[in-house]
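The next block holds one structure in the form of structure tokens; read it before the comments.
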Amino acid sequence: METLDFLIDGFKVALTLENFTLALIGCVLGTIFGALPGLGPANGVAILIPLSFSLGLSPASSMILLASVYYGAMYGGRISSILLNIPGDEPAMMTCLDGYPMTKKGRAGEALTLTGLASFFGAMFATIGLVLLAPQLVKVALLFGPVEYFALFVMAFATLGGVASKNQAKTVLASCLGLGIATIGVDHQTGVPRMSYEIIELYDGIDFLVVIVGLFAVSEVFVFIENTNLKKLNEEKKIVIGNIIPKLKTVKKIVPAMFRGTFLGFLSGILPGAGASLGSFVAYTFEKKISNKDDTFGKGDERGVAAPEAGNNAAAGGALVPMLALGVPGSGTTAVLLAMLMTLDVTPGPLLFKQNPDVVWGLIAALFIGNIVLLILNIPLVKYFSKILLIPSKYLMPVVAMVSFVGIYGISGSSFDLIIMVMFGLLGWLLRKLDIPLVPIIMGVILGEHMESNLRRAMTIHDGDWFMLISSNVSIVIWSITFIGFVLPFLFRSKIKLTIKKLQK
């Protein structure tokens with residue numbers, strides 16, 4: 001009953017005119033960001049962070065806007081996957097496998113409607129799971145000390161990308177780079193400058209918002225500048241939607257797939273670091289294994305679009321569980337949301353539910369509202385959202401650059417931060433060319449200070465005894481999960497690659 005009372009209070013926050021309007025705007029913008037190839041939820045949220053500061057929004061309003069963008073982008077990612085065979089983001093990759101064949105059969109409208117229903121089902125289930133699970137996880141998290149938190153942060157990095165990770169070594173390299181960036185500035189314990197090279201502006205460290213906007217938004221501009229020859233892509237943008245209302249028997253056919261995909265996606269989402277990509281992959285793979293009796297998957301099977309969409313949207317909601325309850329991001333986008341919370345002087349983790357109930361419960365209530373809004377928008381208006389794909393990047397990228405520069409300068413008022421942002425944009429462009437993931441860098445920048453402070457606190461309490469890291473049953477369990485999550489991808493990488501190749505055929 002207490003949880004229900006808090007949720008009702010959350011709806012009172014979310015249903016104010018300002019917050020409801022922000023949720024609506026966030027859903028529309030998120031769908032647009034998700035539909036445009038290359039942007040996706042993390043970029044969409046990163047681009048709008050400076051805007052939320054410029055508008056002077058409260059912490060609750062800011063999180064409602066950005067979370068609505070997050071959910072909207074997860075919905076929108078399916079549009080370019082189905083119509084152009086170009087995933088809007090990585091989690092939408094699995095939707096291409098059966099979504100585009102449906103388009104070639106003249107069933108693009110049906111595919112978009114079915115994935116809209118699957119996205120709604122997965123996201124709604126995940127939000128309910130967030131309501132039920134996060135408060136319970138908070139009770140357990142209150143028992144955590146410095147040792148357990150340090151082990152938990154290490155687990156977030158070790159399991160990053162889960163079994164779907166393309167290259168574990170590059171993930172480790174990116175994580176170490178992020179942790180290195182987090183150490184720049186004056187050491188809070190000793191007062192000694194570290195890696196600042198006598199540059200006064202670096203004594204306070206590098207603001208993670210500058211890093212996030214640079215790596216995601218600005219690097220996207222550099223990628224566009226490099227790939228200026230878009231004639232071939234524009235020639236392929238002949239979009240025919242067709243009938244958007246599927247038959248009732250088709251809807252019934254995908255219901256079991258939605259249930260299975262939602263369950264597997266939510267479990268993947270609550271694992272710190274795994275995110276929606278793993279949820280989509282596992283949901284599609286499992287569904288194909290049990291339902292592909294007539295060899296229809298990969299040829300336009302409706303279940304092949306419903307399962308991964310339910311999976312990645314359920315994972316998106318599930319990733320909010322460890323972020324809100326433990327202060328550990330469950331995905332790249334929740335890492336950006338976590339950075340936003342910290343910038344707003346809101347402490348994520350167990351105390352968030354007690355110290356800032358308006359933020360957390362207003363956010364959860366807004367997710368319920370956003371899901372309904374997205375369902376209403378994405379089915380009847382899908383033909384209009386698909387027109388977004390016709391917007392030339394030469395008009396879109398300058399807007400992204402403008403919002404990034406104006407927003408960051410509006411926050412800090414420092415031209416030095418703009419220079420650092422551009423440098424991180426160039427770094428992000430280079431890392432993309434080397435196929436090194438950006439999300440571990442963001443997690444390293446955000447969690448680095450917390451990892452260091454918890455390790456130092458634990459060492460001080462236990463007089464420098466390293467065995468204290470395995471001194472409690474909780475820490476032993478976490479280290480065991482960490483070891484398994486890190487080693488399994490190495491053992492099964494060849495099998496995973498073979499599975500992905502088979503799915504893409």
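The values are calculated or read from the model by the stated rules, or taken from the named source; none is laboratory data. Because the structure is a prediction, the values reported are computed rather than measured. All Cβ positions, even for glycine, are placed from backbone atoms using ideal geometry, and neighbour counts span all protein chains on display.
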- prompt: Taking the condition modelled with pLDDT under 85, in a helix (DSSP H, G or I) and under 20 Å from residue 383 (Cβ atoms), does residue 113 pass?
  reply: no
- request: Tell me which of these residue 444 doesn't satisfy, since it passes every other one: (1) of a type outside the set (S, T, N, Q); (2) in contact with a Ser or Thr (Cβ under 9 Å, 6 or more places away or on another chain); (3) buried (at least 16 other Cβ atoms within 10 Å of the Cβ); (4) modelled with pLDDT under 80.
  value: (4)
task: Return a yes/no flag: does the range 264-278 have any residue that is in a helix (DSSP H, G or I), in contact with a Pro (Cβ under 7 Å, 6 or more places away or on another chain) and at pLDDT 85 or above.
output: no
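Among the residues of the range 65-78, are any surrounded by fewer than 19 Cβ atoms within 10 Å (Cβ to Cβ) and either in contact with a Gly (Cβ under 7 Å, 6 or more places away or on another chain) or part of a helix (DSSP H, G or I) (or both)?
no
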field: Matching residues in the range 90-143 - criterion: being acidic (Asp, Glu) and within 24 Å of residue 256 (Cβ to Cβ)
entry: 98, 110
- request: Look through 409, 395 and report the one residue that is more than 18 Å from residue 27 (Cα to Cα), touching an Asp or Glu at 6+ places or on another chain (Cβ under 8 Å) and assigned to a helix (DSSP H, G or I).
  value: 409
message: Please go through (1) within 17 Å of the chain's Cα centre (by Cα); (2) modelled with pLDDT under 75 for residue 143 and return the number of the only condition it doesn't satisfy.
response: (1)
query: Given the structure, is residue 66 at negative phi and at pLDDT below 80?
result: no
query: With respect to the numbered conditions (1) modelled with pLDDT of 80 or more; (2) in a loop (DSSP other than H, G, I, E, B); (3) among the acidic types (Asp, Glu), which one is the sole condition not fulfilled by residue 287?
result: (2)
query: Being surrounded by 24 or more Cβ atoms within 10 Å (Cβ to Cβ), in a loop (DSSP other than H, G, I, E, B) and in contact with a Phe, Trp or Tyr (Cβ under 7 Å, 6 or more places away or on another chain), is that true of even one residue in the range 37-48?
result: yes
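With the structure loaded, tell me whether residue 464 is outside any helix (DSSP H, G or I) and out of contact with any strand residue (DSSP E or B) (no Cβ under 9 Å at 6 or more places or on another chain) or whether it fails that test.
In short, yes.
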task: Could you list all residues from the range 56-81 that are under 19 Å from residue 10 (Cβ atoms) and of a type in the set (A, V, I, L, M)?
output: 57, 60, 63, 64, 65, 66, 67, 69
Meets criteria (of a type in the set (A, V, I, L, M, F, W, C) and modelled with pLDDT of 80 or more) for residue 486: no
- prompt: Would you pick out the residues in the range 458-479 that are surrounded by 13 or more Cβ atoms within 10 Å (Cβ to Cβ) and of a type in the set (Ser, Thr, Tyr)?
  reply: 471, 472, 475
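Filter the range 430-441 for residues that are outside any helix (DSSP H, G or I) and surrounded by fewer than 16 Cβ atoms within 10 Å (Cβ to Cβ); which is modelled with the lowest pLDDT?
435
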field: In the range 17-30, residue surrounded by the fewest Cβ atoms within 10 Å (Cβ to Cβ) [restricted to those that are more than 16 Å from residue 357 (Cα to Cα) and more than 18 Å from the chain's Cα centre (by Cα)]
entry: 17
